[in-house]
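Single-structure report; data block below.
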Amino acid sequence: MSGLPHSSLERQRRRAAWLFLLPMLVVLAGVAGWPLFRTVFFSFTDATLATLDGFQGVGLDNYLWLVRDPVWWRAVWNTLVFTVVSVGIETALGLGIALILNAHLPGRGLLRAAVLIPWAIPTVVSAQMWGWMFHDLYGVVNAILMGLGLIAEPRAWTADPDLALPVVIAVDVWKSTPFMALLILAALQMLPRDLYEAARVDGVHPVKVFVRITLPLIRPALMVAVLFRTLDALRVFDLMYVLTGNSRSTMSMSVYARQYLIDFQDVGYGSAAATLLVLVLAAATVLAVTLGRVRVDAGR
Amino acid sequence: MGLRRIAFALVVLGIVVWAVFPFAWAIVTSLKAGSALFTVEAWPSQPSLANYAAIFKEQPFGRNILNSLMAASAVVALSLGLAVLAAYALGRVRFRGRGLLLFVVLGVSMFPQVAVLSGLFELVRWLGLYNRIGSLVLSYLIFTLPFTVWVLTTFMRELPKELEEAAMVDGAGPFVIVTRVFLPLMGPALAATGLLAFIAAWNEFLFALTFTLTDDARTVPVAIALMSGASQYELPWGQIMAASVVVTVPLIGLVLLFQRRIVSGLTAGAVKG
Amino acid sequence: MAGVTLRGVRKSFGRIEVIHGVDLEVADGEFVAFVGPSGCGKSTLLRLIAGLEEPSAGDLSIGGQRVNDRPPAARGIAMVFQSYALYPHMTAYDNMAFGLTLSRTDKGTIAERVRAAARLLQIEDLLDRKPRDLSGGQRQRVAIGRAIVREPQVFLFDEPLSNLDAGLRVQMRLEIAKLKADLRATMIYVTHDQVEAMTLADRIVVLNAGRVEQAGTPLELYHRPRNRFVAGFIGSPAMNFLDVVSEGRADGSVRVWLPGGVPLDVAVDGAAPPAGTPLTLGVRPEHVGLADGGAGLLATILAVERLGGETHCHAALEDGQRLLVRLDGDRPVAAGERLRLNLRGETAHLFGADGQRL
Ligand SMILES: Nc1ncnc2c1ncn2[C@@H]1O[C@H](COP(=O)(O)OP(=O)(O)O)[C@@H](O)[C@H]1O
Ligand SMILES: [Mg+2]
């Protein structure tokens, strides 16, 4: 813009823009930027919750301990399994529900309303509700499965190391599929109708229409939705914490980090774990943006 | 054709049951008092509101609800106030660095919360907000603010350019344009965005768990997660379910009432094909 | 009241220049229309004058004052937008009063001015309504009222009538003409509809691809278009263009040969091109007559369009060139018939290969 005459109007607008942004930027810097910086900083120290202002630098020690802790790797594994499986199922199911909602059939309104309910329920409440349903002694799940003769004796769903993670995934699928379905539905509703009419007139098989026309067209929106859900899943905390506490069989990276930070008061070590989690999220984003060519519309 | 319709109806029915059953079961459980809790029956033989009475008498649940309401309302009001101005700047003024700023805002909303936990803990303690609602308002801003900025920016961008230009010709500066021309037009957008931010704040768990200590200072999700009964080994499931129902019914009501708005708010915030 | 002067005004969006150096003088109290095809830069030019865009180069003055660095509100202008741009949440009254409220004019003056404008526009009964409760024409009046209330030195209109249906458009056109007489303010009016421009304007500025092709009174443009573009743009139905060959000069005019070997002498200003130069002959459909006798240009009628008051004949000359002929409404002609046409040198125009009038 240099060299051109600046009208006072444009200048005034730009100045106002920065002025308007300032409060938000200050707040974000205060609640996000600075704390993040402190977390990374703490990760190179031996700070504890009690001695947040008296600590010593320990270099990479925290990280070296971390990579040698099998529980940490278990948490990484749990998080990845949880993310891949739950997001995968949610995408498939969400796509199915979105297609049903998009087809103009009776019962659509009811279905949409019903599907919104899990989304509206707080995660903690969902976890408790399912925790109760999966209760080993009095849970309705055991009662139904035994009634149907599918299992012979009650299972300890949330305590059994082999079953706990699947249970957590099942609850997440229940809770998050609606979000997926709604986002996909929005994408579906933006597709031109005459496209489908043309395909129907040409007698193209519906499955082929879906694979050849629908899927490529909603792909960008689908990818963004998947990315959002993935980032959300990678930082999961509430579900595991409420359903299974700090149990190792389901512990996510967030649960691990918080356990050290708060329960064990080892801020330095916990911060190192939290920092690694940020790196994993950043890597996932970069991967999605480059490999999946996800285009997040950040201002035209 | 008929068979296909029936199969289809069954699928839809299955999804509806799957979506609704857990909550319905929570309602049923919440009506079971005493030992009825430990029998699996579709409807309690003697429905009782004892659990509902207990959460307000034996537990400080009324106080918890109040805490949640105050924290969520304050953070939503604060976020909307900050976001409307920021959204005008991001949505309607061209300046260098705008794309980067939007990206940063989106990035912050994707932050894992544990990543700021130690830094925030330090800040909260330094400000003397530990175990107070202020700590929650402060920490919730980290997700409500980026979200409201992002959604309002997309709404702001859709407002007609000529309206703003007419106001400029009328002598309105940027602040007057935002407050007296755009803001009155953004009622629905503000309602949808505010509602979604409110729900997010209302549901938040990690910060509330970490920054509060006493039963009285807890928010609803923490109270529900940590609710304990007479003995440590015996969780008061009836009360937990009653509390769950109490906080969820208004949410479900709101969500069903504002269905369309919410869907458009969500998609404006998340997906732009 | 004040005139508007543009000196070498240029405007680029990014690397693309859309206004290529415009010089223009609008006199105090003059009604000037900008016309031109869509995308030629009419709105951009108007918005430059309004201060909604900043010029990349050049000077802009209003009432003798350089206004380049002044915001729109300080330029003494008011603008009426194509989409009306009324504030949807305000009543018609508040819409009109908004600018004055912002400049802290006292309430009595505001009420007085709003009522006066409302009276002029006959919208006194509508002042309490919100825009959504008004019809298109009524909204347009409120938008004009909002401009009047500002008591500007210069009114700027950007296609104010193009969102109205045809009948209403004619009615509003008459009202704007009346407004022009009542207010005696300088007005600049953008339109792509040349009928609006011809009927309303004291002077028309024809724009094409960011340049002024010609500025002049409506009849000047009609009778003496400076180039082929203006000739084709002004007048409806549009002028016919025929490829002809120059025969050389014949006392103050150029003789050209029409298809079928018919000669025509056309008066020109400049030097005559040498014989054999290919030229373009322009004739308006209303200036093509039917020859009485056996002489004249032979044409075959391809299609006849009857409009009631007039008849349009699409005809082909002997060498295949097309020609539109405008005849009176009841003239008994039919497709397939052959006609003898009569062109007159006084109403014909000659353009060189560069499109400029000879
Ligand atoms: N804000 C802008 N950014 C980029 N190009 C623009 C902008 N405004 C107008 N243009 C371009 O400038 C040219 C002239 O536009 P405009 O003045 O609106 O034309 P008109 O009003 O004559 O139809 C067009 O090619 C248009 O695409
Ligand atoms: Mg235009």
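The values are calculated or read from the model by the stated rules, or taken from the named source; none is laboratory data. No experiment lies behind these values; they were computed from the predicted model shown. Heads up, the Cβs are rebuilt from the backbone with ideal geometry, glycines too, and the neighbour counts pull from every protein chain shown. Note: areas computed on protein heavy atoms with side chains; ligands, DNA, RNA excluded. Shrake-Rupley method; radii C 1.70, N 1.55, O 1.52, S 1.80 Å.
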* **For region B:1-48, the fraction of alpha-carbon pairs in successive 5 Å shells from zero, as %** => 5, 20, 19, 13, 11, 11, 9, 7, 4, 1, 0
* Going by accessible area, probe 1.4 Å, with all protein chains left in place, what is the ranking of B:39, C:91, largest first? -> B:39, C:91
* Those trypsin sites (Lys or Arg not before Pro) in region B:2-106 that DSSP places in a loop and that have at most 16 other beta carbons within 10 Å -> B:94, B:96
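Rounded to whole Å and sorted largest first, what semi-axes of the equivalent ellipsoid does the C-alpha gyration tensor of region C:264-358 yield via the square root of 5 times each eigenvalue? Let's see the in-between values first.
Working: eigenvalues 149, 37, 30 Å².
Value: 27, 14, 12 Å, ordered largest first.
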* Structure fact -> Tilt, helix B:98-109 to longest principal axis of chain B (alpha-carbon atoms), in degrees rounded to tens, equals 10
* **Amide H contacts under 5 Å for residue C:80, placed H, 5+ residues apart** => C:156, C:157, C:158
* Rounded to the nearest Å, what's the spacing between the alpha carbon centres of region A:101-130 and region A:153-223? Just the number, please. => 14
* Relative to the first principal axis of the alpha-carbon coordinates of chain C, what is the inclination of helix C:136-149, with its axis defined by its Cα atoms, in degrees from 0 to 90 and to the nearest 10? -> 60
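What average number of partner chain Cβ atoms lie no more than 10 Å from the Cβ of the residues making up B:246-254?
On the way: counts 0, 4, 7, 1, 1, 6, 7, 1, 1.
Mean partner shielding for this stretch: 3.
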* region A:129-161: which residues show an accessible-area loss of 40 Å² or more, assembly versus chain alone, 1.4 Å probe? -> A:129, A:132, A:133, A:138, A:140
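Starting from the eigenvalues of the Cα gyration tensor, five times each then square-rooted, give me the equivalent ellipsoid semi-axes of region A:1-94, largest first, whole Å. List each step's numbers first, then the result.
Numbers: eigenvalues 360, 150, 32 Å².
Ellipsoid half-lengths, sorted descending, are 42, 27, 13 Å.
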* Asked: Roughly how big is chain B's charge dipole about its Cα centre, with Cβ charges of +1 (Lys, Arg) and -1 (Asp, Glu), in debye to the nearest 20?
  -> 620
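Could you tell me the total accessible area buried at the B-A interface, probe 1.4 Å, in square angstrom to the nearest hundred? Mind dumping the intermediate values first?
Details: alone 15960 and 18040 Å², together 25400 Å².
Accessible area lost upon association: around 8600 Å².
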* Shielding by other protein chains, A:255-262, mean Cβ within 10 Å -> 4
* Asked: How many Å³ per residue does the convex hull of the Cα positions in region C:4-233 occupy?
  -> 125
* **For the protein assembly as shown, convex hull of alpha carbons as volume per residue, Å³** => 250
* Structure fact -> For the pair C and B, the solvent-accessible area buried on both sides (1.4 Å probe; DNA, RNA and ligands excluded), in Å² to the nearest hundred, is 1600
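Based only on the alpha carbon positions, what is the Kirkwood hydrodynamic radius of region C:82-213, in angstrom? Present the calculation step by step, with values, prior to reporting the outcome.
Numbers: mean 1/r = 0.0645 Å⁻¹.
Result for region C:82-213, one decimal place: 15.5 Å.
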* For chain A, state what percent of all Cα-Cα pairs lands in each successive 20 Å bin, counting from 0 Å until the bin that includes the largest distance. => 25, 48, 25, 3, 0
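If I take R0 = 25 Å and measure r between the Cβ atoms of residue A:219 and residue B:4 in this structure, what FRET efficiency does the formula 1/(1 + (r/R0)^6) give, to the nearest 0.05? If you can, show how the numbers build up before the last one.
Values: r = 28 Å, r/R0 = 1.12.
Given R0 = 25 Å and the Cβ-Cβ separation, E is 0.35.
Taking only protein heavy atoms and a 1.4 Å probe, what accessible area per residue, in Å², does the protein assembly as shown have with all protein chains in place? Walk me through the intermediate numbers first.
Values: 39570 Å² over 931 residues.
Here the residues of the protein assembly as shown average 43 Å² of exposed surface.
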* To do: Give the long-range amide H neighbours of residue C:208: residues separated by 5 or more places, or on another chain, with amide H under 5 Å away, using H modelled in the peptide plane at 1.01 Å from N.
  => C:213
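Using Cα pairs closer than 8 Å and at least 6 residues apart in sequence, work out the relative contact order for chain A, in percent.
Numbers: 313 pairs, mean separation 83.8, N = 300.
Computed value for chain A: 28 percent relative contact order.
Can you pull the Kirkwood radius for region A:52-179, inverse mean 1/r over Cα pairs, to one decimal in Å?
Values: mean 1/r = 0.0560 Å⁻¹.
Taking every pair of different Cα atoms in region A:52-179, averaging 1/r and inverting gives 17.9 Å.
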* To do: With the convex hull built on the Cα atoms of chain B, state its orientation-averaged projected area in nm².
  => 20.8
* To do: Mind giving me the nanometre distance, one decimal, between the label points for residue C:181 and residue C:322, set 7 Å out from Cα along Cα→Cβ?
  => 4.1
* Asked: Using only the Cα atoms, what convex hull volume per residue in Å³ does region A:142-300 have?
  -> 177
* Structure fact -> Probe 1.4 Å, all chains present, heavy atoms only: residue C:246 accessible area in Å², nearest 10, is 10
* Cα convex hull of region B:144-265, projected area averaged across orientations, nm² -> 10.1
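Averaged over its residues, how many other protein chain Cβ atoms are within 10 Å of peptide A:183-196's Cβ atoms?
On the way: counts 6, 2, 2, 9, 4, 0, 2, 3, 1, 0, 0, 0, 0, 0.
For this peptide, the per-residue mean of nearby foreign Cβ atoms is 2.
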* Structure fact -> Burial-style ranking of A:74-82, C:255-263, C:143-151, average other-beta-carbon count within 10 Å with highest first, yields C:143-151, A:74-82, C:255-263
* Asked: So what J values fall out for region A:98-103 if you push phi through Karplus, 6.51 cos²θ - 1.76 cosθ + 1.60 with θ = phi - 60°, rounded to Hz, Gly and Pro as x?
  -> 4, 5, 5, 5, 7, 6
* To do: Taking H placed 1.01 Å from N in the peptide plane, check which residues at least 5 places from residue B:33 or on another chain put their amide H under 5 Å from its amide H.
  => B:48
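Taking 22 Å as R0, compute the FRET efficiency from the Cβ-Cβ separation of residue C:115 and residue B:176 and round it to 0.05.
On the way: r = 25 Å, r/R0 = 1.11.
Once rounded, the FRET efficiency stands at 0.35.
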* Asked: Which FRET efficiency value, to the nearest 0.05, is calculated for residue C:7 and residue C:135 with the Förster distance at 45 angstrom and r the Cβ-Cβ distance?
  -> 0.60
* **Contact order normalised by residue count of chain B, Cα under 8 Å, 6+ apart, percent** => 31
* Asked: In degrees from 0 to 90, rounded to the nearest 10, what is the angle of the helix B:259-270 Cα long axis to the longest principal axis of chain B?
  -> 60
* **Whole-percent carbon and sulfur share, accessible surface of the protein assembly as shown, 1.4 Å** => 60
* Asked: Pick from B:23, B:95, B:61: which is most flexible by mean-square fluctuation in a GNM of chain B where alpha carbon atoms under 10 Å apart are linked?
  -> B:95
